[in-house]
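Heads up, the thing below is written out as structure tokens.
The values are calculated or read from the model by the stated rules, or taken from the named source; none is laboratory data. None of the values given here were measured: they were computed from a predicted structure. Reconstructed Cβ throughout: ideal geometry from the backbone, glycine too, with neighbour counts over all protein chains shown. Calculation scope for accessible area: heavy atoms of the full protein, side chains included, ligands and nucleic acids excluded. Shrake-Rupley method; radii C 1.70, N 1.55, O 1.52, S 1.80 Å.
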Amino acid sequence: MSKETLVLLPGLLCDDAVWVHQRHAMGQRVDTVVPNYAELGSIEGMARKVLAEVTAPVFSLAGHSMGGRVALEIVRMAPQRVRRLALLDTGYEPIAAGEAGAQEREKRMKLLEHAKAHGMREMGKLWAPGMVHPDRLASPLFNEILDMIERRTPEQFEAQINALLGRPDAGPVLRKLHCPTALICGREDAWSPYARHEAMSHMVPTQWVTLHAVEHCGHMSTMEQPKAVSALLDMWLSRD
């Protein structure tokens, strides 16, 4: 009997390093796949690429940060293919209207300009401190995150910024979910706060959703508290 497929979607400027512990922890149980978004510039395009490349007709799906938005778009496009859904440190709302949206756009474009002028790692030194719990800023883990950012190019950064600025409203997807759904968030996530995941949990039909806070943890939950996250995902994979 073949193993179930688990598709693991990384976030902005991330790669399979985000999911190393989870792949190792669950590798005996499931076949894991970590897609690459290449230089695609829309959430919809990323979702179509994943659906085209994953050969399993039905799979479990976990997305971290921007990957959670891609996961929700996959569910919108092909709900019959998603057996379970896990959303980690993510969001669902489109870019805000008016001044708030303009400020988000300006901040992202300034980071892109810095990346083009000074390189991805230097940009990461400005951007990444908000990604982790403050206790981890001087840790080897923070250097791993900078290494991961450095593996990306300004062109990929620009494409993914455009994808996020044009992100769709995934609220309707959350309200229509009918598969086991886990919402997981670092307690101290400053980018995608736990309160947002609480709000998301109220949007999903009650019989399907579980909500989990990962303690002493920022935005990069899969790397910051890998054992805790792997345990939560292992429990989620047992749900039908």
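Overview of results
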read-out: Selection within segment 189-240 - acidic (Asp, Glu) and buried (at least 22 other Cβ atoms within 10 Å of the Cβ); value: Asp189, Glu224
read-out: Leading residue by the ranking (farthest from Ser65 (Cα to Cα)) among those in segment 135-146 that are without any contact (Cβ under 8 Å) to a residue 12 or more places away in the chain and in a helix (DSSP H, G or I); value: Pro140
read-out: Residue match in segment 134-146 (condition: in contact with a His (Cβ under 9 Å, 6 or more places away or on another chain) and modelled with pLDDT of 95 or more); value: yes
read-out: Ile95, sole failed condition from (1) among the β-branched types (Val, Ile, Thr); (2) farther than 18 Å from Leu6 by Cβ; (3) open to solvent by 50 Å² or more (accessible area, probe 1.4 Å); value: (3)
read-out: For Met77: the one exception among (1) open to solvent by 10 Å² or more (accessible area, probe 1.4 Å); (2) within 11 Å of the chain's Cα centre (by Cα); value: (2)
read-out: Criterion violated by Thr90 - all others in (1) under 19 Å from the mean Cα position of the chain (by Cα); (2) open to solvent by less than 10 Å² (accessible area, probe 1.4 Å); (3) more than 27 Å from Val214 (Cα to Cα) satisfied; value: (3)
